[in-house]
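The block underneath contains the structure these notes are about, expressed in structure tokens.
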Amino acid sequence: MLNQHTLCFVGAGNMAQSLIRGLLEAGTPADKLRVADPLPAQRDKLAAFGVSTFADNNAAAAGTDAVILAVKPQVANEVVSALDLGDAQLLISIAAGIDIRSLSAWTRVTQPIVRCMPNTPALLGAGVTGLFASPACDAGQRKLAGTILNAAGTTAWVASEAQIDTVTAVSGSGPAYFFKLMEAMIDAGTDLGLDRATATTLTIETAMGAARMAREGEDTPAQLRSNVTSPGGTTAAALGVMEDTDFNAIIHKALNAAEQRAGELAIEFGAPTGHKENHA
């Protein structure tokens, strides 16, 4: 499918690089990919993959089927407002917190837009991305967006744009939660007498094994936890401490904070409510 489409990436950061690597590995011809970035060093990294690089965003985007916005939310307004996009060009945004209302205000109401929230394991092709499409997107554009983001791992379409903030809280920020747990387990193992290298190996391999059991097996995480928790055993003793500290409530509170912050980003860096700046 991607052999028939020319794609432009605006921004050549880590996420754009991971998507481009994934697309190339999936068989997308390098001459179908363009990248725009103001920094020569970033352009050089992508030029090494054989793709066309540009300093000017509009020069890169001209005539392409889809433009992937891969910039920081702080500069999204400036970048998108300066883009000269056609009615039929699909805008795919992976800019955190920037909502479709703002992207439409900076382009046009009829602009086809897909808003995405990937996560950092996409750098290894093991990410998961939540997607939501504006009403202006047709079935082919939705399929194109899904195919592009599948290059970085797994995709999941959500029923409402508000759920993108929830995706941000669960999977967008989620890797950091697991890293935090790993840090704590490594530190605890070291305090209990293991050398740090051994504690690190045990922790990381346990995390990978548990994730594979949850993904590849038929049991739910709750059932898997129950399966390894013998009454009066060591696992029960550890989980009892977690329950005493209301571990579930801490996780709920943390994800609520992340979701709330995602919504705040739309207010901080998005278009003013009720103010449209659509191109003629």
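Solvent-accessible area per residue in the chain equals 53 Å², computed with a 1.4 angstrom probe and all protein chains kept.
Computed across the stretch 63-116, the Kirkwood radius stands at 10.9 Å (inverse of mean 1/r, all Cα pairs). Beta bridges from DSSP with both residues in the chain: antiparallel share about 15 percent, rounded to the nearest 5. Across all directions, the average flat footprint of the convex hull enclosing the Cα atoms of the chain is 17.4 nm².
How much of the accessible area of the stretch 49-184, probe 1.4 Å, is carbon plus sulfur, in whole percent? Ligands and nucleic acids excluded, carbon and sulfur reach 60 percent. Projecting the Cα positions of Ser134, Ile98, Asn248 onto the charge dipole of the chain (unit charges on Cβ atoms of Lys, Arg, Asp and Glu, taken about the Cα centre) puts Ser134 furthest along the positive direction.
When you filter the GluC sites (Glu not before Pro) in the stretch 163-253 for DSSP loop state and at most 13 other Cβ atoms inside 10 Å of their Cβ, you are left with Glu218.
Placing unit charges on the Cβ atoms of the charged side chains and taking the dipole of the stretch 180-280 about its Cα centre, the candidate lying farthest along the positive direction among Met185, Ala237, Pro272 is Pro272. Each Lys and Arg Cβ is given +1 and each Asp and Glu Cβ -1; about its Cα centre, the chain then shows a dipole of about 520 debye. Taking 8 Å as the Cα distance limit and 6 or more residues as the minimum spacing, I'd like the relative contact order of the chain as a percentage. Normalised by residue count, the contact order of the chain is 18 percent.
Residues with beta-carbon under 11 Å from that of Val158, excluding Val158: net charge, scoring Lys, Arg +1 and Asp, Glu -1? Local net charge: -1.
Look at the alpha carbon pairs under 8 Å that are at least 6 residues apart: their mean separation over the length of the stretch 1-134 gives a relative contact order of 22 percent.
Cα-Cα over 32 Å: which of Lys72/Lys180; Lys45/Lys143; Lys32/Lys180; Lys32/Lys72? In this structure, Lys32/Lys180 lie more than 32 Å apart at Cα.
Per-residue ellipticity at 222 nm from helix content only, as computed over the chain with -39500 (n - 2.57) for each DSSP H run of at least four residues, stands at -15500 deg cm²/dmol. Taking the three principal axes of the alpha carbon atoms in the stretch 40-79, the coordinate ranges are 29, 24, 14 Å, sorted in descending order.
Figure legend: label point modelled 7 angstrom from the Cα of Ile250 along Cα→Cβ; residues of the stretch 184-227 with amide N under 11 Å from it are 184-185.
The values are calculated or read from the model by the stated rules, or taken from the named source; none is laboratory data. Bear in mind that the values here come from a model prediction, so they are computed numbers and not experimental data. Methodologically, a virtual Cβ is constructed for each residue, glycine included, from the backbone with ideal geometry; neighbour enumeration extends over all protein chains shown. Calculation scope for accessible area: heavy atoms of the full protein, side chains included, ligands and nucleic acids excluded. Shrake-Rupley method; radii C 1.70, N 1.55, O 1.52, S 1.80 Å.
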